[in-house]
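K.L.:
Starting off with a structure, shown below.
The values are calculated or read from the model by the stated rules, or taken from the named source; none is laboratory data. A quick note: this is a predicted structure, and the numbers were derived from the prediction, not measured. Virtual Cβ from ideal backbone geometry, glycine too; neighbours counted across all protein chains shown. With ligands, DNA and RNA removed, areas are computed over all heavy atoms of the protein, side chains included. Shrake-Rupley method; radii C 1.70, N 1.55, O 1.52, S 1.80 Å.
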Amino acid sequence: MCIRDSINAEYGGAILAMAHKPGANIERRRREDERVETQKAYAFQANKLSFVALWQEKQERNLFLARTTKHVKDEMAAELNQANLDLVITRRQRLQELYAAEEDQWRRELASHGLGIIDDNQD
């Protein structure tokens, strides 16, 4: 009896079943190639979807910025116009207060010298 027969008998013939059957390596290579091709196709599809998603996000962001930028520009212009109107009103009010205070001061100074202002414009 040879060593192979003694080992085969010891493991109950499992070694012969694992032995190299014709075309096993080709079948294993074919399965591996199919698995690799499937994974490549999946990776390609995932990559393509990723690029489409990034493109779509960029388009949405640009559209959002275009809409909000126009809105913000209009809003800023309206706020600037209102601020200018408020400034004009405030300046006119302060100028009237200054003129009234100066008029009072002049009247007091003239009154201290015994003089007065005659207002011809009053009815």
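K.L.:
Can you confirm whether segment 52-66 contains a residue that is in a helix (DSSP H, G or I) and loosely packed, with under 10 Cβ neighbours inside 10 Å? Let's see the steps before the verdict.
P.N.:
Step one: of segment 52-66, the residues in a helix (DSSP H, G or I) are 52-66.
The next check asks that each one be loosely packed, with under 10 Cβ neighbours inside 10 Å; those that pass are none.
No.
K.L.:
Here is a further query. Considering only residues that are in a helix (DSSP H, G or I) and not hydrophobic (A, V, I, L, M, F, W, C), look in segment 106-121 and name the one that is most open to solvent (accessible area, probe 1.4 Å). Break it down into steps so the answer makes sense when it comes.
P.N.:
Our first condition is that a residue be in a helix (DSSP H, G or I); within segment 106-121, this holds for 106-112.
Of the ones still in play, those that are also not hydrophobic (A, V, I, L, M, F, W, C) are 107-109, 112.
On the way: 107: 87, 108: 154, 109: 90, 112: 91 Å².
Among those residues, the one meeting the criterion is 108.
K.L.:
Could you identify the single residue in 94, 107 that is modelled with pLDDT of 95 or more and either touching a strand residue (DSSP E or B) at 6+ places or on another chain (Cβ under 6 Å) or not aliphatic (A, V, I, L, M) (or both)? Steps first, answer last, please.
P.N.:
On the way: 107 fails: modelled with pLDDT of 95 or more.
Going through 94, 107 in turn, the sole match is 94.
K.L.:
Next question. Count, please, the residues in segment 67-83 that happen to be open to solvent by less than 80 Å² (accessible area, probe 1.4 Å) and not small (Gly, Ala, Ser). Please lay out each step first, then the result.
P.N.:
So the first thing to find is which residues in segment 67-83 are open to solvent by less than 80 Å² (accessible area, probe 1.4 Å), and the list is 68-69, 72, 77-78, 83.
Cutting the leftovers down to not small (Gly, Ala, Ser) gives us 68-69, 72.
Looking only at that region, the number is 3.
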